[in-house]
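What follows is a set of notes on a single structure, which appears directly below.
The values are calculated or read from the model by the stated rules, or taken from the named source; none is laboratory data. Only a predicted model underlies this, so the values are computations on that prediction, with no experimental measurement involved. Cβ atoms come from the backbone with ideal geometry, glycine included; neighbour counts cover every protein chain shown. Calculation scope for accessible area: heavy atoms of the full protein, side chains included, ligands and nucleic acids excluded. Shrake-Rupley method; radii C 1.70, N 1.55, O 1.52, S 1.80 Å.
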Amino acid sequence: MAVGLMDPVQRWLFRRGRSRSVHHGPGGKDMTPGVAVVQKDGAREALHLWIGAFRHGAPTDTLTAHVTVTDGATVVDERDVELSWFVVASECRVSGWDAGSRLFHRHVTIPVPAPDPDADLDVRVDVPGLEEPGTCRARVLRAGLPEGGSLRIVAGSCYDAYTDHGTGVGPGPGAAYAALFDGGPPRPDLVLLAGDQIYADTPWWAYLLQARATPRTNALLEYWASWGMQLRRDGLVRRGLHPLLTDGPTWFLPDDHEFWNNWPHASVTAKHSFLNQAKGLWGGLTRSVSAALALVREPRVVVPEDPGEVPRGAVERNLLPVHPDEWDRWSRASFDLIGSFQTRSVRDREQGIITRGEWGDDPADDPGRPPRGGPRGVVHQPLTPPVQVVELDPVHVVLLDTRTRRTRVRTDDRWSQFVDPACLDEVVAVAGRAAVLVLALPEPLLRRAEGWRPSVPGAGDVGIRHYVRQYEDFWARLRAARAGRPTVTIGGDIHRSYVAHSTEAGLVEVVASPSSLVYGSHTAWRVKYDAIPPPPGPLEGSPVPAHRDIALPGHPDHVDALAGLQIDRTGEHEYRLHVRLRPLNPADAAQDVTYVLRDAGGDPVRRET
């Protein structure tokens with residue numbers, strides 16, 4: 001009853017937030033109808049596609065889409081696909097959406113009978129009631145990298161659709177994206193988006209006004225804009241990340257802003273109802289007392305027998321990976337949409353069941369919604385795979401999600417983690433057999449471990465290096481597994497773009513961040529990083545001797561950028577790695593650097609002059 005009484009107030013706040021947004025739909029609607037199609041998780045003999053369609057006036061649970069894949073004039077595959085409704089019905093009383101304004105989505109696998117990695121396949125998705133089809137170019141994966149062959153990777157992170165003013169990724173194919181490689185269109189083999197593909201917590205005023213009672217609706221609006229599907233009030237074309245998402249296979253890593261800044265730790269932008277905020281204050285107090293007691297006595301952690309049960313004890317909330325339902329729909333919304341728009345969920349991969357929004361909140365409706373139904377008596381299992389591996393022998397590409405399996409406490413030798421130990425075992429195993437390893441994380445890896453940092457608003461973000469024991473152990477095991485063979489790391493998060501290398505560690509690090517300026521004020525540490533990029537020289541804060549070779553300016557006159565990596569295999573054990581940092585504004589100069597990599601018989605990494 002109390003919630004019902006607050007509905008008019010919440011609705012006024014929501015409408016106020018939407019009135020100030022740069023994005024809108026036709027006829028006073030919030031969402032622009034349309035169809036999006038993205039190729040994900042490349043395969044050698046199939047296309048893995050995500051289809052999302054938003055319609056007004058479609059009060060049904062499913063929607064049929066017609067998918068056509070062509071190779072030139074030849075039809076490779078043609079089929080009807082049933083899309084499922086992503087349910088946000090309870091939030092409509094606040095948002096004011098009518099019952100027929102709905103997102104429908106699904107992942108589908110299309111076999112390719114005669115795969116050719118050098119051929120562009122055209123995908124078209126038609127949906128009744130929507131005039132424009134969804135389209136993308138798709139490609140199957142290469143079997144490997146033979147001598148004389150090339151591998152292209154596009155990397156980026158940190159995209160805020162609100163601040164994309166059309167000087168790069170925004171208009172058309174994207175000027176920066178088109179200029180990432182020499183000699184024609186980019187045609188990447190892999191697009192790696194390394195975190196913060198949306199900013200669900202910015203602008204702060206819109207977040208404050210429209211997310212408290214409608215977390216799923218708010219996140220859906222952010223994704224639709226970032227994926228390039230929303231209209232803007234200024235009438236200019238805004239395609240968001242659309243050029244990157246529609247040109248070959250794409251992989252994703254989530255980070256904190258898919259939830260809120262510094263998730264799962266405390267943040268001034270943590271989105272909750274006021275009731276949840278009150279619970280959070282009490283929970284924070286009890287967790288602080290528990291953490292203090294753990295300094296003088298060994299904590300006793302009791303794992304819930306039912307993995308669908310949210311741990312209630314302060315010890316468990318400190319030392320177990322944060323449960324996806326701990327904040328009810330305020331956190332589940334983020335996991336739901338990560339499993340749709342970004343990395344396909346474990347359940348979807350195994351059972352073909354995509355996330356359904358609030359339809360699964362009640363166990364009576366969906367008793368098998370993960371982590372319900374998982375192994376009993378053990379820590380709840382991940383909703384999306386923390387490790388993704390792409391084998392292009394002798395090059396192995398690994399994506400490691402270091403965000404969604406974190407514990408709050410970072411200093412307990414047994415329990416603290418930024419990812420499950422079994423996931424690091426998997427990464428190290430791949431590192432042990434790869435001649436060349438490409439490791440993508442949401443954060444840079446050439447950063448020293450740092451000790452204690454308070455988890456309170458304003459204390460600074462918590463990174464994987466603050467989980468000192470696991471971080472240092474991972475570093476040591478990774479270097480041992482590599483045994484002097486070359487490693488290329490790709491990171492984001494820090495709103496600085498640079499390329500550095502360590503001859504001692506046999507490592508090249510590429511950081512491309514952000515791909516649009518994040519809405520907000522400049523903090524002191526950002527102001528220090530001014531319009532003049534840091535000169536080449538030692539990379540400060542690296543755990544191993546490392547040299548920064550190229551960099552772009554950062555805040556306040558920052559340069560948004562994407563990174564293009566091309567690996568040419570020039571011999572049995574030799575490779576040439578060319579990296580370009582391409583600012584989104586065509587008027588800004590790109591920075592290029594080239595390295596020679598060897599997996600045997602010489603320095604693993606050497607800069608080419």
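Whole-percent P(r), the stretch 1-92, all Cα pairs, 10 Å bins from 0: 11, 31, 28, 18, 8, 3, 0. Using the Karplus relation 6.51 cos²θ - 1.76 cosθ + 1.60 with θ = phi - 60°, the per-residue 3J(HN,Hα) values for the stretch 373-385 come to x, x, x, 7, x, 10, 4, 3, 8, x, 7, 10, x Hz, with x marking Gly and Pro.
Our helix-only sum for the chain, with -39,500 (n - 2.57) per DSSP H run of n ≥ 4 divided by its residues, gives a mean residue ellipticity at 222 nm of -6000 deg cm²/dmol. In terms of the mean number of neighbouring beta-carbon atoms within 10 Å, the peptides 63-76, 432-445 order highest first as 432-445, 63-76. For residue 550, the residues whose modelled amide H falls within less than 5 Å of its own, excluding neighbours fewer than 5 places apart on the same chain, are 499. Across all Cα pairs in the stretch 329-442, the calculated P(r) in 10 Å bins from zero up to the longest distance comes to 12, 37, 34, 15, 2 percent per bin.
Test of understanding: express the Cα radius of gyration of the chain as a ratio to 2.2 N^0.38 Å, with N the residue count.
Working it through for the chain, the quotient is 0.93.
Looking at the stretch 12-107, the accessible area is 38 square angstrom per residue; that uses a 1.4 Å probe and ignores ligands, DNA and RNA.
The Cβ shell under 11 Å around residue 373 holds other residues with a net charge of +2, Lys and Arg each +1, Asp and Glu each -1.
Residues whose amide H falls under 5 Å from that of residue 58, counting only those 5 or more places apart or on a different chain, are 100, 101, 102, with hydrogens built in the peptide plane.
Listed by number, the DSSP H helices of the chain that run 18 Å or longer by alpha-carbon position along their axis and have mean Kyte hydropathy of at least 0.0 are 274-293, 421-433.
One compactness figure for the stretch 76-176 is 1.51, namely its Cα radius of gyration divided by 2.2 N^0.38 Å. To put it simply, the accessible area of the stretch 564-609 at a 1.4 Å probe is 40 percent carbon and sulfur.
Please list the non-local residues whose amide H lies under 5 Å from the amide H of residue 145, H modeled 1.01 Å from N, same-chain partners needing a gap of 5 or more. Residues meeting the amide H criterion: 393, 395.
For residue 592, the shell of other residues with beta-carbons less than 13 Å away shows a net charge of +1, using +1 for Lys and Arg and -1 for Asp and Glu.
Applying the Karplus relation 6.51 cos²θ - 1.76 cosθ + 1.60 with θ = phi - 60° to the stretch 408-416 yields 3J(HN,Hα) values of 6, 7, 10, 10, 7, 5, 8, 9, 5 Hz, where x marks Gly and Pro.
Overall, the accessible surface of the stretch 289-415 at a probe of 1.4 angstrom is composed of carbon and sulfur to the extent of 50 percent.
Between the stretch 383-444 and the stretch 92-106, the C-alpha centres lie 37 angstrom from each other.
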